[in-house]
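These notes are about the structure you will find just below.
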Amino acid sequence: MSLFLADSDSLTFLADELRRSAPEAAQTEIAGLGIAADVKLDGLWLAFARQTLPEAVEVSAASINAWADRIIDAVAGHFPDDQPWRLHLWPHYGEGRAGQNRCELILASVIERMKKKRRHLLRSFVDAESSGSRTSPHPNPFASRLRSPKGARESEFLPRPAGGERAGVRGGSDSSPAPFTPQTSLVQCILTSPEAGWLSTSLAPLPHAHRHLISSFPRGEVPLADDKSAPSRAFTKLVESEQRLGRRIERGQTCVDLGASPGSWSYVAIQRGAHVIAVDRSELREDLMRSPRLRFEAADAFKYQPSQTVDWLVCDVIAAPQRSIDLLLEWLRDKRMRNFVVTLKFKGHDEYPLLESLKRDAPPLCAEFHLTRLCANKNEVCAFGVV
Ligand SMILES: C[S@@+](CC[C@H](N)C(=O)[O-])C[C@H]1O[C@@H](n2cnc3c(N)ncnc32)[C@H](O)[C@@H]1O
């Protein structure tokens, strides 16, 4: 049984999506939290699932120490001693700080236990990460991140951007958990009350192999990026996609931005030192139009083709979702880009089943493919990945 988390306004869409993927699978809605369903994760893409807890079991624990024992029992003897593991632990009940406090005490108890008699587990324990979400009614308990323990692998932390990044778009690698490596194992524990909750244990390489379903961000929640100088808030979608992908537009890369005006996606790419070909019927903000790193093409996004393979296709064009899906598949089939972020915009909810063809046709053309309703999305879904 896996537990799929969703925003409360997405639960019915997630239920529909699960039914389309696995019509036979029994589903149980867990109020306000998500859907438990017995479905295979292989070949599964769920745009409306924020986070996946594989093999999730309901647990009860009468005390802080009992919770810590449950978590240690899930890890000891199951995870390889010499490989990194992470814990995502958060409360999903009540108002105020009571749940957060409880989780902090549980974490302290887990660490204390490992110090006393499971030092090998402590050495490979990478981080108890914070989601840092500002919008969640149940904020993550770890306001300040734990220092990673001695011996935690450097590879568990996102590489810093090459070259000096100018101040500006915040969010991105500095505040992101590292992407899972094939060696990373993961424990996820949700307290739905002080004495009950869900526990999920994912042995490596599962978190990495299913990284399009299992987010390295606790709860799958990515704090929104911040930059008052961007032409619009739309840049938060691009930054969140990069964060989820664990890879970002870099200095010296080439980026085609389809439907680029007023220019906040181009702004991000320019800030990172990339060269941008911005395609739109309308010009971008004046300062961007003057940038030596931007070339503006007053053209139809659906007809534009680059003369050679580009590092990034980013596309936020306003169009019927099927048109954007066809555009992405055409670019993928022709290998016109190495990485991509494409927004699919919906009017109402009837067209979500169109996503099924993309789930079928895009993954075989990609090294990595994600399809997610981002925290920054409204009635949109973002497709992003690596070709
Ligand atoms: C949501 S806005 C893009 C916002 C942009 N990503 C940003 O962050 O500033 C969508 C853009 O798509 C453009 N657009 C719509 N259809 C287009 C087409 N067929 N060809 C080129 N641009 C198009 C619109 O002019 C509009 O500027």
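Please treat every number below as a calculation from the coordinates, not as lab data. Model, not experiment: these values are computed from the prediction. Please note: Cβ atoms are built from the backbone with ideal geometry, for glycine as well, and neighbour counts cover all protein chains shown.
With 0.36 nm allotted per residue and the present C-alpha distance subtracted, the residue 289-residue 320 stretch has 8.4 nm of extension available. Loop sites only, by DSSP: take the GluC sites (Glu not before Pro) in the chain that have at most 11 other C-beta atoms within 10 Å and name the longest stretch containing none of them. That gives 96-387 as the longest site-free run. Determine the shape class of region 6-106: with a ≥ b ≥ c the square roots of the Cα gyration tensor eigenvalues, call it rounded for a/c under 1.5, and otherwise prolate if a/b is greater than b/c, oblate otherwise. Oblate is the answer for region 6-106, as a/c is 1.5 or above yet b/c matches or exceeds a/b. Averaging 1/r over each pair of different alpha-carbon atoms in region 228-318 and inverting the result gives 12.9 Å, the Kirkwood hydrodynamic radius.
Which whole number in µm²/s is D for the chain by Stokes-Einstein, with the Kirkwood Rh taken over Cα pairs at 25 °C and 0.890 mPa s? Don't skip to the end; give the middle numbers.
On the way: Rh = 21.7 Å.
Using the Kirkwood radius from Cα pairs, D works out to 113 µm²/s.
If you fit an axis through the alpha-carbon atoms of helix 235-245 and take the longest principal axis of the Cα set of the chain, what angle between them do you get, 0 to 90°, nearest 10? Orientation of helix 235-245: about 50 degrees from the principal axis.
My understanding is that a pair violates if its Cα-Cα distance is over 23 Å; which of 228/378; 40/359; 237/345; 40/335; 228/359; 335/378 do that in this structure?
On the way: 228/378 20 Å; 40/359 15 Å; 237/345 12 Å; 40/335 30 Å; 228/359 35 Å; 335/378 29 Å.
Result: 40/335; 228/359; 335/378 exceed 23 Å.
Summing charges over all other residues whose Cβ lies under 11 Å from the Cβ of residue 212, with Lys and Arg as +1 and Asp and Glu as -1, gives +2.
Taking Cα centre as origin and charging only the Cβ of basic (Lys, Arg, +1) and acidic (Asp, Glu, -1) residues, the dipole magnitude of region 235-386 rounds to 280 debye. Applying a DSSP loop filter and a limit of 10 other Cβ atoms within 10 Å to the trypsin sites (Lys or Arg not before Pro) in region 33-88 leaves 40. Each pair of Cα atoms in region 235-386 enters the Kirkwood radius, and Stokes-Einstein at 37 °C and 0.692 mPa s then converts it into a translational diffusion coefficient of 215 µm²/s. Projecting label points 7 angstrom from Cα along Cα→Cβ for residue 367 and residue 354 puts them 3.0 nm apart. Label residue 330 and residue 78 with points 7 Å out from Cα along Cα→Cβ: what is the distance between them in nm? Here the answer is 4.8 nm between the modelled labels.
What do you get for trypsin sites (Lys or Arg not before Pro) in region 182-267 restricted to DSSP loop and a cutoff of at most 10 other Cβ within 10 Å of the site's Cβ?
Numbers: sites: 211, 219, 228, 233, 237, 244, 247, 248, 251; in loops: 211, 228, 233, 247, 248, 251.
Those that pass, being in a loop and sparsely packed, are 228.
Computed over the chain with a Gaussian network model linking Cα atoms closer than 10 Å, the most mobile of 23, 207, 177 is 23. Within region 77-106, name every residue whose backbone N is under 15 Å away from a label modeled 7 Å from Cα of residue 66 along the Cβ vector. Answer for region 77-106: 106.
Given the -39500 (n - 2.57) contribution per DSSP H run of 4+ residues, what per-residue ellipticity at 222 nm results for the chain, rounded to the nearest 500 deg cm²/dmol? Don't jump to the answer; show the numbers that get you there.
Details: 10 runs with 96 residues, N = 387.
Per the formula, -7000 deg cm²/dmol.
Modelled spin-label separation between residue 19 and residue 42, with each label point placed 7 Å from Cα along the Cα-to-Cβ direction: 2.7 nm. Here is the size of region 313-356 from its Cα atoms: Rg then Dmax, 10.8, 32 Å. The distance linking region 318-357 with region 196-239 is 21 Å (Cα centroid to Cα centroid, whole angstrom).
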